[in-house]
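Peer 1: Mind having a look at this structure? Questions to follow.
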Amino acid sequence: SSALNVLDPLRRQLTTALSPDEQFLLRNALPEAQPLFADPNSENASETSTHQDRNIDTGPNSNHDMDSLLAVIRRFFAIVSKEVSPLVLLLDDLQWTDSASIEVIKAILYDKAEIGTTTGGDSAKAGGILIVGCHRSDEVSDGHILSK
């Protein structure tokens with residue numbers, strides 16, 4: 001319970017900065033981030049976690065624009081890194097990564113976008129993000145995406 005209280009400021013920032021549709025997309029793209037979008041003590045917790053009424057397809061054959069999804073992921077990490085800085089992401093088993101996953105990593109790494117405005121009207125920049133990637137070198141050939 002106390003760990004959830006630590007997340008309250010970040011949860012408020014995310015739910016304020018991201019639209020319900022953006023939150024829904026992120027919950028599907030990053031299911032491990034679910035606790036950041038719903039207050040488990042709230043009477044709306046089950047509603048915000050399922051969104052069964054939404055008709056947004058985020059599956060592999062989705063018509064949803066990848067650029068829009070990357071933009072939402074960039075905003076998410078910008079907001080999180082502003083609240084929890086420095087933010088360290090550990091990515092393991094990158095030998096199994098695909099080009100879409102690399103695009104997400106690049107979007108996070110090279111994001112220079114502002115995340116919105118502060119209450120004083122000033123623009124807010126993301127905090128620091130350190131990404132540590134691990135892979136099995138014996139499973140990464142010269143043609144592998146990590147070798148490029």
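The values are calculated or read from the model by the stated rules, or taken from the named source; none is laboratory data. If you're wondering where the values come from, they're calculated on a predicted model, not measured in any experiment. As a convention, Cβ positions derive from the backbone with ideal geometry for all residues, glycine included, and neighbour counts pool all protein chains shown.
Peer 1: Collect the residues in the stretch 86-111 that are touching a residue at least 24 places away in the same chain (Cβ under 8 Å) and among the hydroxyl-bearing types (S, T, Y), keeping them in residue-number order.
Peer 2: Once the filter is applied, which keeps residues that are touching a residue at least 24 places away in the same chain (Cβ under 8 Å) and among the hydroxyl-bearing types (S, T, Y), the stretch 86-111 yields T97, S99.
Peer 1: Moving on to the next point. Please count how many residues of the stretch 126-148 are surrounded by 13 or more Cβ atoms within 10 Å (Cβ to Cβ) and either among the aromatic types (F, W, Y) or within 18 Å of D93 (Cβ to Cβ) (or both). Quick ask: steps written out before the conclusion?
Peer 2: Within the stretch 126-148, the subset surrounded by 13 or more Cβ atoms within 10 Å (Cβ to Cβ) is 126-127, 129, 131, 133, 135, 140, 144-146.
Those left that are additionally either among the aromatic types (F, W, Y) or within 18 Å of D93 (Cβ to Cβ) (or both): 131, 133, 135, 140, 144-146.
The total comes to 7.
Peer 1: Take the stretch 1-19 and flag every residue that is touching a helix residue (DSSP H, G or I) at 6+ places or on another chain (Cβ under 8 Å) and at pLDDT 85 or above.
Peer 2: Taking the stretch 1-19 and keeping what is touching a helix residue (DSSP H, G or I) at 6+ places or on another chain (Cβ under 8 Å), we get 4, 7, 9-11, 13-15, 17-18.
Scanning the stretch 1-19 gives P9, L10, R11, Q13, L14, T15, A17, L18.
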